[in-house]
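One structure is given below, encoded as structure tokens.
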Amino acid sequence: MTTDLKSRRLVLTRSAALIGAASSGLLLPEMARAQSSKIRVGLMLPYTGAFAPLGVAIENGVRMAINEQGGKLGGREIEWFKVDDESEPSKGIENASKLVQRDKVDVLIGTVHSGVQMGIHKVARESGVLNLIPNAGVHAATRSQCAPNVFRTSFSNSQPTLALGEAMVKRGHKKAVWITWKYAAGDEAFEGFKESYTKAGGTIVKELGLPFPNVEFQALLTEIAALKPDAVACFFAGPSGAKFIKDYAAAGLKGKIPLYGSGFLTEGLLDAAGPAADGIMTTLHYSDSLDTPRNKTFRLEYAKAFRMQPDVYAVQGYDTGLLLIKGANAVKGDLSAKPALYKAMESATIDSPRGKWTMSKSHNPVQDMYLRVVENKENKVIGIAAKGLADSGAGCKMS
Ligand code: PHB
């Protein structure tokens, strides 16, 4: 046999082995990925349950950013994979594994709920797959359990409320009741509120809570009426926030005890909440009324594309797309070039509808927090409650 024939036979044997490995499922994820010419993007978001509209807004935002680039990432076509996480923490690991092990995604975008995020986080840390967090603010993801392959484009749970306490005390409200859903997002939002409110000289007279996603607020509102604080501060999100706002007014508290909140309280639901929302003051890293060309163009284009108004979740999805584009462009679509990919995303400045923001060392946005008040179904910006606010990143050691 000639050397030429011998080497041809070797090549054929090798590719036959590869095909065999592929059909028997033995192919290493990296090999499988390298064979596919499309970038595999996984979306793990809530499409049912208490946060369903948030998941939809995030997906819209991601797609809008990528569509603005001709629908490609670093010059490569995209194949999309979707899982509905139902905001159900007990299914978090299983759902993330579907995208990572079964669908072999190159990047997992998700999710909204902090409890579900911890399931994704475990899978992301063990597999090394790139995870972009478009909402969930759970502290551990960018503090004690921070990881080189995990980037957040939204906020840490205590960021919005770190800006809230001082704004309340400045308005003369020195005794407050706090109310929230009792799970990581509510508890960590409280951490930020407690720090800023007590530092500014306020006293928290009572901490009230109910399990997620319970909306039976009545007994707690009766308790608030009896306590007669100067103000109430809260964390709620999604359509349930509209119920809280309406129940608060129906209980006779509106106009008597001012209602403040982490700004999610008044996102995406002002039509549903109606006049009961007027006067609510919140702090958040976005406002529909931001008077910048960037925000105005974004809002116009989003409304045209999806026939609905964007909210903070749509912006976070959009920014997730922008960050992924920066990373993918830097490595010309080769997401396996991890050091260069991570470096590009770490050093990115995102020109967002919320205003420009950068990535902290622990992979969380450094961003402005706006003070907003609801007026006629709009979150009106009335000031900047905190400029260039970074999360502490406490305990983060990138390995
Ligand atoms: C969370 O669970 O981390 C969470 C959910 C909805 C929000 C904010 C935080 O609006």
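The values are calculated or read from the model by the stated rules, or taken from the named source; none is laboratory data. Fair warning: this is a prediction, and the values are worked out from it, not measured in the lab. Virtual Cβ from ideal backbone geometry, glycine too; neighbours counted across all protein chains shown. Keep in mind that these areas ignore ligands, DNA and RNA; they rest on the heavy atoms of the full protein, side chains included. Shrake-Rupley method; radii C 1.70, N 1.55, O 1.52, S 1.80 Å.
Quick notes on this structure:
- Calculated accessible area for the chain comes out at 42 Å² per residue, all protein chains present (probe 1.4 Å; ligands, DNA, RNA ignored).
- Applying 1/(1 + (r/R0)^6) with r as the Cβ-Cβ distance of LYS361 and LYS206 and R0 = 25 angstrom yields a FRET efficiency of 0.10.
- Between THR48 and GLU94, the simple spin-label model (points 7 angstrom out along Cα→Cβ) gives 1.3 nm.
- Isotropically averaged projected area of region 194-237, using the convex hull of Cα atoms (one quarter of hull area), nm²: 3.7 nm²
- Each residue of region 261-271 was assigned a 3J(HN,Hα) from its phi angle through the Karplus expression (A = 6.51, B = -1.76, C = 1.60, θ = phi - 60°), giving x, 4, x, 4, 3, 10, 9, x, 9, 5, 5 Hz with x at Gly and Pro.
- Cα gyration tensor shape of region 145-292, rounded if a/c is under 1.5, else prolate or oblate by comparing a/b with b/c: rounded
- Mean separation of Cα contacts under 8 Å, 6 or more apart, over the residue count of region 159-284: relative contact order %: 28 percent
- Ellipticity estimate at 222 nm from DSSP helix runs (n ≥ 4, -39,500 (n - 2.57)) divided over the chain, nearest 500: -12000 deg cm²/dmol
- Listed residues LEU220, LEU130, LEU322, most fluctuating in the chain (Gaussian network, C-alpha, under 10 Å): LEU220
- Loop-resident trypsin sites (Lys or Arg not before Pro) (DSSP state other than H, G, I, E or B) in region 200-283 with no more than 16 further Cβ atoms inside 10 Å of their Cβ: LYS256.
- Taking a Cβ cut-off of under 13 Å around GLY49, the surrounding Lys, Arg, Asp and Glu residues balance to a net charge of -3, with basic ones at +1 and acidic ones at -1.
- Over 18 Å (Cα to Cα) - which of LYS122/LYS182; LYS98/LYS122; LYS228/LYS256; LYS199/LYS254; LYS91/LYS122; LYS98/LYS332 fall in this group: LYS122/LYS182; LYS199/LYS254; LYS98/LYS332
- The chain, accessible surface, carbon-and-sulfur percent (1.4 angstrom probe): 54 percent
- Summed residue charge, Cβ within 15 Å of GLY355's Cβ, Lys/Arg positive, Asp/Glu negative: +2
- The peptide list 365-378, 327-340, put in order of mean Cβ contacts within 10 Å with the highest first, becomes 365-378, 327-340.
- Helical segments meeting 24 Å axial Cα length and Kyte-Doolittle -1.0 threshold in the chain (DSSP H): 3-23, 312-330
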